[in-house]
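The values are calculated or read from the model by the stated rules, or taken from the named source; none is laboratory data. It should be emphasised that the depicted structure is a prediction, and the values quoted were computed from it without experimental measurement. Quick reminder, even Gly has a Cβ in these numbers, built from the backbone with ideal geometry, and neighbours come from all protein chains shown. In case anyone asks, the SASA skips ligands and DNA or RNA and just uses the protein heavy atoms, side chains included. Shrake-Rupley method; radii C 1.70, N 1.55, O 1.52, S 1.80 Å.
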Amino acid sequence: MKIVYSWLQDYIDLSGYSLVELARILTMTGLEVEEVQVIGLPMPANGPLEFKFTGLSWDPEKIIVARIDEVMPHPNADRLVLCRLNDGQEEHIVLTGAPNLYEYKGIGPLPTPLKVAWAKEGAQIYDGHQPGQVLTTLKRAKIRGVESYSMVCSEKELGISDEHEGIMILDPEAPTGAPLRDVLGDAVFEISILPNMIRNASVIGVARELSAVLNRPLRMPDTSFEAAGPAIDGMVSIQIVDPDLNPRFMVGLIQNTRPVPSPDKIQRRLTLAGMRPINSLVDATNYVMLETGEPLHAFDYDKLVERAGGKAPTIITRAAKPGEKLTTLDEVERELDPVMILVTDTAGPLSLAGVMGGLESEVTPETRNVLLEAASWNFVNVRRTMNQLRLNSEAGYRFSRGVHPELAPLALQLGLKRMQAWSGAGEIARGVVDNYPRPHVDPVVTLTPAEVARQLGVELPAEQIAGLLRSLDFEVSVEGGRLQVKAPPHRLDIGEGIVGKADLIEEIARLYGYDNIPETRLSDELPPARANRALEVEERIKDLLAGMGLQEVITYRLTTPEREARLRLAEEGPLEYIRLANPISPERVVMRRSLLASVMEVMERNARVTDRLALFEAGPVYLPVSGQDLPVEAETLAIAMCGRRYPEDWNQPVDARMDFFDLKGLLEALLEDLHIENVEFTPAADPTYHPGKCARLSAGDVVLGTFGELHPEIQRRYDLPSAPVLAAELDLSRLIELVPERFETRPVPVYPAVLEDLALVVDEDLPAAELERAIRQAGGPLLADVRLFDIYRGEQIGAGKKSMAYSLAYQAPDHTLNEKEAAQIRQRIIKRLEHTLGAKLRG
Amino acid sequence: MTETQVFEDLEQILQQGLAALEEVKDEAGLQAWRTAHLGRSAPVMQMFSRLPQLPKELRPQVGQRANQVKQALEAALAERGEQVRAASLQQKLASERVDVTLPGRQPLRGRLHPETQVLRRIFAVFEEMGFQVFRSRDVETDEYNFELLNIPAYHPARDMWDTFYTTRPGVLLRTHTSPGQIHVMRASAPEPIRAILPGMCYRYEQVSARHETQFYQVEVLAVGKNITFGDLKGTVNGFARRMFGQNVRTRLRPSYFPFTEPSAEMDVECFVCGGKGCPVCKGSGWLEIMGCGMMHPTVLRNGGYDPEVYSGFAAGMGPERISMLQSRIEDIRYFWANDLRFLEQF
């Protein structure tokens, strides 16, 4: 919300405070100043710019009020004139092309001289001929043979508005020779209004906050006027169908008025506040809304009478009927529904209550009699109306956040008074019609200093608390150390009971100043210590994977089914997803079901960045469960690797590509470091993977997931180098559950091991794991280690066979094994393997 | 053979030996010299075998002298051996010199995502103050995300969150980690709580350098019978000092959240410019770091705590923003784009 500095000063004396100080005070009161726009006033001196300042400062020496005494034709140009201008000291001839001076051209000395803003050589102004605001410095020039070293300025050149049609004509009372900034200088505070502070979306609202913190009186505007018109009784009647929707509806009437341009000062204030001046009647409604926070609506009274067949109109407020239509004043025909509230008459809808007026009854240049409405509306309905129609308005902004019904009389009086004053015509009817079926009861809250101290940690005496609240117009009585606090009749954000107490404590803290509340350390009882084992183990897993050379990634959890389908074969049926009702991008419409699909996209994106990709992500996938609203959020671990085993380097000659066993080795190491036992790798069939290079990882009877080399058909769908892509997707929750709370160590052997190599010829399709298991079983407890070091296939051993060479270590915990003992173990192994697996010792 | 002749021979053996040793340059030469001058057939050794042929009275003297010559040759060999080895080591070392300015062989390095790194720092600071991590779900109900947090339908405060709704009625993607407040309270009541609630949140927002549709949030929550706004200040200021520097200045500015009252924004003095004003703080000298406040009585009650007895505070921050400010990251989209050229800088 834009708060105009000069306007604010109508209601409070701000002398002695700089713009920066005011911005700081407002911000620390909860009215965050986002920007300060200066119009002519000086910017803060160098130093930390606490606030964003924009706009143009006017040099007091170079931009001043001057007087045009005569407008003369230019000898060589029809579209230019020469002004005889006086700056209070001497006369200058100033050249301009301003069309609004043509009417004075050649009529001799002006009976009433024109006061203008005059910029001298060297003045900084905005370039009037360029779009937007482009700074320029006024230079001496010769235009069509006439020397020019100064100019009379338009509003645009001074940064007041975009107006550049003609030069700005000042109030005739403006003192010639005075710095312009002393006459017209102003500033605009751009304030972000918090949702619970809608009472401050008005100039008076901001002034009231300042009055409370600066301890200076709030000056309310004078609402008195002479009601010269007839009594309003009998000229209009009001029916409220549902007081829940429309707690109050009030009208006043002004007759024989006319829309004319509003006074310059009013137009300037409206412009600076971000509203376009229209005419005195419309401007009055907008001005009073910005001033008080109560939106007004003006009807052309004659149109209402016409619609009522010449009789006194009856205004009826009610919910819209399904399918009812209204053309709003933005000339859009809108279809209504019962959530919307309408102001109607006997002939049908007139306006969309609280949001926008109807086209038919709006004020036009021909309007002479105005029926002025001040009402209050159910904010929920206004809000839903705006959402459904996607319609925003200044009135809707306020009504959708709640406007207190007691603001209506003030705003109505001010509106009528200003219409009359600014139009210079009209008689205001005596009295108002006020239908207020259910008067608002402002809550009364009891509060004790102890309750304040319990929340804030500072002990404040009851009288101090009362003083703080009274400064914001709360009615406070103190009795026996308890405060009875009644909310002021302009705010709806104070609740009842314990909520009301919290609301008041917030106001007390705000006014006392957050800065003044001393910082303390928590001294309350600590909660019981609870382990978060899932998190602890997950973090350990991440550390282990990073330690093994993998880069962690974190991807978007929103994706599309199509992107995930790249990892799946077409034959598989469609999957059910958690789907967005309002996606913002076609790329993000469902919650992912595959973590690997997300990681694969990262692989693809980085394929050209590096020759070695090794990534992992730990995070949830979202699996809908039939009969339940919420999905299972399954913690998952995905790993993908591709490219060189070691990055290319000047001293790294090995150009080996990672394969299945790099990934398997990594998983083995991970599970071993996590002390998970009974780990098993079994061949698996999963259409995502190469049928011969895919395994299932399990521990005991818990299946952790599948991994392997991606199926070439799947890999082809990704823009990746042709090297094998290794991938794994594991159930992270299960993995975490398998990690034992503690593990036991074995003593370091004291006696040396007997080392021996053993090459066994077996059938080609005998799995290595089976062979190793048999060796270990046969070897018994004295077989300390089994390590495969070579596999040989060739003519020597025959087709369909392979030779598996193991390095074995025999070791006893209590003595050094002798030759005989070692030979016994060896014989046992050979014999058992011959018997069970048909293995032959390779000669 | 005369007496003198024998001693002259011994002298000659010694001199020849020493002279020959001078010529020896390497380990192989040393071996050859040892064979020639101290080996079984070396002249000095032959002198010993000739001893019995000498007159009896000469034998002790000659024997003694021969021993001296042998020892002298051995000592000379040892000394020369040291010299030769030192010289050859020198040569070897010189030949092994590498260009130490060549790039080193990089170990295979994996790294944690910057998000994980900043989260761990934040957790560590709060854990020292007795807070414990509590996680909750991403896909939430309207009830937990809004209604129980004092944000009824059509409440003006709903404008503060642009929400992704799912096709299931009443199911949405959480817009903040605050639903975790209700979850942790309902799991803990009536015990005191000090919890850290991290999690991915989602907002219906056009993606830009400053805004993402998905982002992390970390919320801290304290509930107990004796928790004040002063404690809130102490906790968030303590966090700021640990995170941004022991002497950093902070301020609390009134703000609004439906689930806290009083509410505040915490600003930290810009640690890039020290408060002088720079592009990072947009010239203001302050950085907005977190929103916080005393828990609203309605929320406490919805969590199962009697607001007449219990009080509490909550504070929430965006870890990406903290990471961005600390590491001068220009664009929030870097976080989930996962370009290795970005990730590998952490």
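Worth pointing out:
- Buried area at the A-B interface (accessible, heavy atoms, 1.4 Å probe, summed, Å²): 8600 Å²
- Entries of B:K25/B:K70; A:K820/A:K840; A:K542/B:K233; A:K325/A:K486 with Cα pairs more than 31 Å apart: A:K542/B:K233; A:K325/A:K486
- Hydrodynamic radius of the protein assembly as shown by the Kirkwood approach over all distinct alpha-carbon pairs: 38.4 Å.
- Peptide A:499-510 has a mean shielding of 5, counted as Cβ atoms of other protein chains within 10 Å of each residue's Cβ.
- Other-chain or far-sequence residues with amide H under 5 Å of B:H113's (modelled H): A:E552
- Inter-centroid distance (Cα atoms) of the stretch A:794-810 relative to the stretch A:128-182, Å: 99 Å
- Listed by chain and number, the lysines whose alpha-carbon sits under 20 Å from that of B:K282, ignoring those within fewer than 8 places in the same chain, are A:K52.
- Electrostatic bookkeeping for A:Y11 treats Lys and Arg as +1 and Asp and Glu as -1; over the other residues with beta carbon under 12 Å from its beta carbon, the sum is -2.
- Average beta-carbon neighbours from other chains, 10 Å sphere, peptide A:641-649: 1
- Placing +1 on the Cβ of every Lys and Arg and -1 on the Cβ of every Asp and Glu, with nothing else charged, gives the stretch B:112-259 a dipole about its Cα centre of roughly 580 debye.
- Between A:D655 and A:E572, the modelled label-to-label distance comes to 3.6 nm, taking each label 7 Å out from Cα in the direction of the beta carbon.
- Pairwise FRET efficiency - A:E737 versus A:S807, Cβ, R0 = 51 Å, nearest 0.05: 0.90
- Complex-versus-alone comparison for the stretch B:106-126, residues with a loss of 30 Å² or more in accessible area, probe 1.4 Å: B:L108, B:G110, B:R111, B:L112, B:H113, B:T116, B:R120
- Computed E for B:F342/B:E205 - FRET, C-beta separation, R0 22 angstrom, nearest 0.05: 0.55
- A:T346 versus A:Y104: modelled label distance in nm, points set 7 Å from Cα along the beta carbon direction: 5.5 nm
- Theoretical FRET efficiency, 1/(1+(r/R0)^6), r = Cβ-Cβ of A:I143 and A:E165, R0 22 Å, to 0.05: 0.65
- The stretch B:114-343: C-alpha gyration tensor shape, a/c 1.5 cut-off, then a/b vs b/c: oblate
- The stretch A:1-84 - percent of accessible surface contributed by carbon and sulfur, probe 1.4 Å: 48 percent
- Shape call, the stretch B:101-203: gyration tensor on alpha carbons, a/c limit 1.5: oblate
- Of the peptides A:823-831, A:347-355, the ranking by mean beta-carbon count within 10 Å, highest at the top, reads A:347-355, A:823-831.
- Cβ-based net charge around A:R776, under 13 Å, with every Lys or Arg adding one and every Asp or Glu removing one: +1
- Integer Hz, Karplus 6.51/-1.76/1.60 couplings in order for the stretch B:175-186, x for Gly and Pro: 8, 7, 7, 4, x, x, 4, 5, 4, 6, 5, 5
- The stretch A:285-319 and the stretch A:194-271: distance between their alpha carbon centers, rounded to Å: 14 Å
- Just the protein heavy atoms count here, and of the accessible area of the stretch A:406-562 at 1.4 Å, carbon and sulfur take up 50 percent.
- For the stretch A:525-539, 3J(HN,Hα) computed residue by residue from phi via the Karplus equation (6.51, -1.76, 1.60; θ = phi - 60°) reads 3, 6, x, x, 5, 10, 6, 10, 5, 4, 5, 4, 5, 4, 5 Hz, glycine and proline entered as x.
- Partner chain coverage, peptide A:573-582 - average Cβ within 10 angstrom: 4
- For A:V702, no residue whose modelled amide H falls within less than 5 Å of its own remains once neighbours fewer than 5 places apart on the same chain are excluded.
- Using θ = phi - 60° and Karplus 6.51 cos²θ - 1.76 cosθ + 1.60, couplings along the stretch B:216-221 (whole Hz; Gly, Pro as x): 8, 9, 10, 10, 10, 9
- Sequence-distant residues sharing a close amide H with A:V632 (under 5 Å, placed H): A:L623, A:V625
- Inter-label distance, A:D233 to B:K56: 17.4 nm, where each label sits 7 Å from its Cα along the C-beta direction.
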